[in-house]
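Student: Just dropping this structure here.
Derivation of every value follows stated rules applied to the coordinates shown; laboratory data play no part. This structure is a prediction, so every number in the text was calculated from the model and none was measured. Here the Cβ positions follow ideal geometry from the backbone for every residue, glycine too, while neighbour counts run over all protein chains shown.
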Amino acid sequence: MLCLEFQEIKRRIQSAAQRVNRPGEDIKLLAVTKTRSPEVVRDAYGCGQYLFGENYIQEAASKLSVLEDLRPFTRWHFIGHLQRNKARTAAELFDRVETLDSIKLARALDKYSRACGKLLSVLIQVNIAGDPAKSGLAPGELPGFLEKVMGFENLRVEGLMTLPPWSSEAEGSRRWFRALYELREKMVQEFGEGCGLKELSMGMTHDFEVAIEEGATTVRIGTALFGPRK
Ligand SMILES: *Cc1c(COP(=O)(O)O)cnc(C)c1O
């Protein structure tokens, strides 16, 4: 059953990519497993999935503790709001933090990544619509922030992430996805390719195809794979 869901989502990723002449292999499927049991992760792994996303540090820690055998063969991205007092566990558990949104958090993640001898991949979360209910940097803050974060030795900035304001129609997200794409282009012009902003993590169950049409390199999908969350 679950493997069929994965097949179907991959097919939809592929055809969205084809519509805009992008190779489907350029788009990574991040399976969002918040609220799902370790058994569900194991089943997904059995379907060939290796990339997973979690929103809560505590939940991820207990889930990973029973999935130790899979850990070397899987990659885990943190996609929830990260409090500074959880930075240590985040740096220890995850391969990438997609929600970097302050210098204080960057400093903490850098310190703990150094302590465990790790180069931590990070994405900068951008509040692209200026939505007061969402975290992330304002687009205008990005240049100054990027300059500072590039100076942290144990963090590798690899791109941008966003959560657009909710809209019932997938098309409602398009302008925000396009804005994030354009923001990245602007940063690459300003800082050069060396600034490392190649990833755009955007798009979820209801709007991932639009996100791919607008340049997403990672789509974060939970519901369409595992059903509604309780
Ligand atoms: C829960 C979550 C997702 C997955 O959402 P679905 O609608 O279930 O696909 C993606 N990104 C973030 C940041 C989330 O918190």
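Student: log10 I(q)/I(0), Debye, Cα-only segment 1-45, no solvent, q = 0.21 Å⁻¹?
Tutor: Debye output, listed in q order: -0.75.
Student: What FRET efficiency comes out for residue 1 versus residue 103 if R0 is 30 angstrom and r is the Cβ-Cβ distance? Round to the nearest 0.05.
Tutor: The formula returns an efficiency of 0.10 here.
Student: Taking the dipole about the Cα centre of segment 1-72, with the C-beta of Lys and Arg at +1 and of Asp and Glu at -1, give me whichever of 64, 40, 29 is farthest to the positive side.
Tutor: 29
Student: Shifting gears a bit: Within the chain, which complete DSSP H helices have Cα atoms spanning at least 20 Å along the helix axis and a mean Kyte-Doolittle hydropathy of -1.0 or higher?
Tutor: 2-19, 174-191
Student: How much length is gained on full extension from residue 25 to residue 56, taking 0.36 nm per residue of separation minus their Cα-Cα distance?
Tutor: 8.3 nm
Student: Amide H to amide H, which residues 5 or more places from residue 121 or on other chains are under 5 Å from it, using H placed in the peptide plane?
Tutor: Here 97, 156 satisfy the definition.
Student: What share of Cα pairs, in percent, lie more than 22 angstrom apart in segment 69-172? Write out the running numbers ahead of the final one.
Tutor: Details: 1681 of 5356 pairs.
In whole percent, the share of Cα-Cα pairs in segment 69-172 beyond 22 Å is 31.
Student: Turning to a different aspect of this structure: What is the chain's relative contact order, in percent, from Cα pairs under 8 angstrom and six or more apart in sequence?
Tutor: Working: 408 pairs, mean separation 46.4, N = 230.
The value is 20 percent.
Student: Just 130, 144, 203 to compare: in a GNM of the chain, with alpha carbon springs under 10 Å, which one fluctuates most?
Tutor: So, out of 130, 144, 203, the one fluctuating most is 144.
Student: Sticking with this structure for a sec: For the chain, what is the Kirkwood hydrodynamic radius in Å, using each pair of distinct C-alpha atoms?
Tutor: By the Kirkwood definition, the hydrodynamic radius is 17.9 Å.
Student: Segment 1-105: Rg/Rh from Cα coordinates, Kirkwood Rh?
Tutor: Using only Cα positions, Rg/Rh for segment 1-105 is 1.01.
Student: When the helices in the chain are scored as -39500 (n - 2.57) per DSSP H run of 4 or longer and the sum is shared across all residues, what 222 nm value do you end up with, to the nearest 500 deg cm²/dmol?
Tutor: Taking each H run of at least 4 residues, the total per residue is -12000 deg cm²/dmol.
Student: So if the hydrodynamic radius of segment 148-218 is defined as the Kirkwood radius over C-alpha pairs, what does Stokes-Einstein give as its diffusion coefficient at 20 °C and 1.002 mPa s, in µm² per second? Before the final figure, lay out each step's value.
Tutor: Details: Rh = 12.8 Å.
So the translational diffusion coefficient is about 168 µm²/s.
Student: Mind checking which of 64, 100, 30 has the largest fluctuation in a GNM of the chain, springs on alpha carbons under 10 Å?
Tutor: With Cα springs under 10 Å in the chain, the top fluctuation among 64, 100, 30 is at 64.
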